[in-house]
Amino acid sequence: MPRTRVVGIAAVSLILATLMTFPLARVLVYSRDLLFVAAVIVVSRYAGITAGLIVSFLSVLIFDWYFDNTPHVLDFSVGGVVRAVVFGSLSVLVASLEQHRLQVMDRLLESNRTLQRALQEIKTLRGLLPICMHCKKIKTEREHWVEVEEYVRKHSEAQFTHGLCPSCYQKYYPDAYSQKPHPEIR
């Protein structure tokens, strides 16, 4: 992600959290951290763990400077340390969940591509095929009779190669079949 975008996301999140906390600080004394928590979550999700940790640290500083019991004095209390640990932990959690989500999405997209390729390769024959019991020609939708090979080639991706089964080999070439050893039949 471009550095300017990361800085922009972090700056906008912190500025909005700070500006929105001012009017709420008098009314919601115990919930003043919520907007800074939101800023940490947004930055960690969209800008990554490093930016999230930086915003966590800056959120603690801004909160301590403007909204704690002694405004405009950086006096880190136990509450400030707890806030820093919670914000940092939240940043790491959100960033790692986002990274895991992206990895899962990549695997899902790759699986979908694999399935799409497989679907493109599959062309199956279905239903009943009327076939002559003597010559093995297949009757088409237009009442034409075509060779099995032609029908299958037209309606699937299969290609034919011809071979000779052992029964036909023995039936049609008895002299060659009786010779020892038998050539490999395919």
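Laboratory data are not the source of any read-out in this text; all were calculated from the coordinates shown. All of these numbers come straight from a predicted model, not from anything done at the bench. Every residue, glycine as well, gets a Cβ built from its backbone with ideal geometry; the counts of neighbours run over all protein chains shown.
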* To do: Evaluate Rg over Rh across segment 124-186, taking Cα atoms for both radii and Kirkwood's formula for Rh.
  => 1.14
* **Charge-dipole axis of the chain as Lys and Arg at +1 and Asp and Glu at -1 on Cβ define it, positive-most pick from Ser89, Ser178, Ala11** => Ser178
* Asked: Looking only at Leu129, Leu102, Leu53, which one moves most when the chain is put into a Gaussian network model with springs between Cα atoms under 10 Å?
  -> Leu129
* **Tail weight of P(r) past 15 Å, computed on alpha-carbon pairs of segment 29-102, percent** => 50
* **Residue of Ala39, Ala84, Ala176 that the Gaussian network model of the chain assigns the largest fluctuation, springs spanning Cα pairs under 10 Å** => Ala176
* To do: Could you list Met20, Met105, Met133 in order of exposure, starting from the residue whose Cβ has the fewest other Cβ atoms within 10 Å?
  => Met133, Met105, Met20
* Asked: Who wins for biggest fluctuation among Tyr173, Tyr66, Tyr151 in a Gaussian network model of the chain, springs between alpha carbons below 10 Å?
  -> Tyr173
* Whole Å is fine, so just give me how far the alpha carbon centre of segment 158-177 lies from that of segment 1-53. => 78
* Asked: Based on DSSP H assignment, which helices of the chain show an axial Cα extent of at least 27 Å together with a mean Kyte-Doolittle hydropathy greater than or equal to -0.5?
  -> 3-25, 78-121
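Per-residue counts of other Cβ atoms within 10 Å, averaged by peptide: what ranking do you get for 85-93, 3-11, highest first? Walk me through the numbers before you get to the answer.
Values: 85-93: 17.1, 3-11: 14.0.
In decreasing order of mean packing, 85-93, 3-11 become 85-93, 3-11.
Roughly how big is the chain's charge dipole about its Cα centre, with Cβ charges of +1 (Lys, Arg) and -1 (Asp, Glu), in debye to the nearest 20?
Working: 21 positive and 16 negative charges, 121 e Å.
Taking the Cα centre of the chain as origin, the dipole is about 580 debye.
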